[in-house]
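See below for the structure under consideration.
The values are calculated or read from the model by the stated rules, or taken from the named source; none is laboratory data. Since the structure is predicted, the reported quantities are computational estimates derived from the model, not experimental observations. Quick reminder, even Gly has a Cβ in these numbers, built from the backbone with ideal geometry, and neighbours come from all protein chains shown. Only protein heavy atoms, including side chains, enter the accessible area calculation; ligands, DNA and RNA are left aside. Shrake-Rupley method; radii C 1.70, N 1.55, O 1.52, S 1.80 Å.
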Amino acid sequence: QVQLVESGGGLVQAGGSLRLSCAASGSTFSTYAMGWFRQAPGKERDFVSAISWTGTRTYYSDSVKGRFTISRDNAKNTMYLQMNSLKPEDTAVYYCAAQNPGRLWYRSTEYHSWGQGTQVTVSS
């Protein structure tokens, strides 16, 4: 397994930007595919974005496509989520997660390690 810690959340006005980071411990980070999920109060945890272990393949939910960009730096054991043109409906706790390659990238149950989450609040 791998330990994950998210950072970069905060309060931002609609139309603004935030950059989330997910720092991983251990030497196995580069072997995992990684994902971002989010959970709003009273709602299920939803898929946001995922990236392959090489960083060459990326996936986005329809709700964030064109506004969010996922990336990773395996030398720094860190994954990022650049969030632009934020909307109030993006308000949620954002979690990063790791999975073994070849798993379903959009399904939360396919991820074996999770961070504690970081709050993102977008005001209108």
Counting only protein heavy atoms and a 1.4 Å probe, tell me what percentage of the chain's accessible area is made up of carbon and sulfur.
48
Tell me the label-point distance for the pair residue 74, residue 54, using the 7 Å Cα-to-Cβ offset, in nm and rounded to one decimal.
0.9
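With contacts defined as alpha carbon pairs under 8 Å and 6 or more residues apart, what's the relative contact order of the range 1-62 in percent?
It rounds to 23 percent for the range 1-62.
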Using Cα pairs under 8 angstrom and six or more residues apart, how large is the relative contact order of the chain, in percent?
36
Would you calculate the convex hull of the Cα atoms in the chain and tell me its volume per residue in Å³?
90
Springs between alpha-carbon pairs under 10 angstrom, Gaussian network model over the chain: which of 91, 78, 54 fluctuates most?
54
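Can you tell me what share of the DSSP beta bridges in the chain is antiparallel? A percent to the nearest 5 is fine.
Looking only at bridges with both residues in the chain, the antiparallel portion is about 90 percent.
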The range 8-90 accessible area per residue, 1.4 Å probe, protein heavy atoms, integer Å², reads 50
Just 89, 110, 44 to compare: in a GNM of the chain, with alpha carbon springs under 10 Å, which one fluctuates most?
44
Under the 0.36 nm per residue contour assumption, what length would be gained going from the current alpha-carbon distance of residue 45 and residue 25 to full extension?
4.8 nm
For the chain, with +1 on Lys and Arg beta carbons and -1 on Asp and Glu, the positive-most of 93, 31, 1 along the dipole:
31
GNM result for the chain, Cα springs below 10 Å: residue of 97, 50, 14 fluctuating most strongly:
14
Could you put 38, 19, 45 in order of accessible surface area, largest first, with the 1.4 Å probe and the full protein assembly present?
19, 45, 38
Give the calculated FRET efficiency between residue 63 and residue 11 to the nearest 0.05, with a Förster radius of 22 Å applied to their Cβ-Cβ distance.
0.60
